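For reference, the structure discussed in these notes is given below.
Read the figures in this text as sums done on the coordinates, not as results from a lab. This structure is a prediction, so every number in the text was calculated from the model and none was measured. Positions of Cβ are backbone-derived with ideal geometry, glycine not excepted, and every protein chain shown enters the neighbour counts.
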Amino acid sequence: MKVQINIPENLNEITLYQYQQFDKLNISSEAEVRLKMIEIFCGANSLIARNMKATDIVEICNSINKMFDTKHQLISSFKMDGVEYGFIPSLDEMSFGEYVDLDTFITNVDDLHKAMNVLYRPIEHKRKDKYTIKAYDPNTSDKMKLMPLSASLGAMVFFWNLGIELSEVMMNSSLKENEQNLVQYLNSQKNGDGSIQSMDFLKGILQDLKISLN
């Protein structure tokens, strides 16, 4: 039986929502996990997935797993539904409400689209590498479920690294010094990257990551 499915070639072709759906799975069988990977990441229904050759299933799943076993860099902009979204240009100019929402939602996979809604907004004006973005609107977070997973992972790893380095910088500082160190450190960050060795390690990052002003 010949079937056609959409096999993603990279994480740009996987949405954040697909990853959120996969993360909700509570199954231990490796065979069932592979079937769900085909269903969720390739858009195949259960019947099609079960009728595929076992060797094809294994090959596709291995290919998808390798996408996570790579270096994830912060992506400054991406296009979604014809709209260009940009990473917030000045982290030190974020409002307290934005910090609170980011701090609250970035540690939970189910809420990750809400955190990305803080970090990525539609670009209003752009000139060469500089741009401005729209004001933060918490009511538009559902749109971010369809953003490329590559951008989500890059942002998470960036803030994971940022959190580690900030904890070292601010560990012995007073509250006022913490605020000053935070601004100075964010001003010094122009890019960020990190490495995720496996999907299990990614889940560990998501569980442990915590950015706090306190």
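If packing is taken as the average number of other Cβ atoms within 10 Å across a peptide's residues, how do 145-157, 83-95 rank, most packed first?
145-157, 83-95
Convert each backbone phi in the range 65-77 into a coupling constant with the Karplus relation 6.51 cos²θ - 1.76 cosθ + 1.60 (shift: θ = phi - 60°), then list the ³J(HN,Hα) values in order as whole Hz, x for Gly and Pro.
4, 5, 5, 7, 8, 8, 8, 9, 9, 5, 9, 6, 7
Of LYS24/LYS71; LYS36/LYS134; LYS53/LYS114, which pairs sit farther than 27 Å apart, going by alpha carbon to alpha carbon? Don't jump to the answer; show the numbers that get you there.
Details: LYS24/LYS71 24 Å; LYS36/LYS134 37 Å; LYS53/LYS114 38 Å.
Pairs exceeding the cut-off: LYS36/LYS134; LYS53/LYS114.
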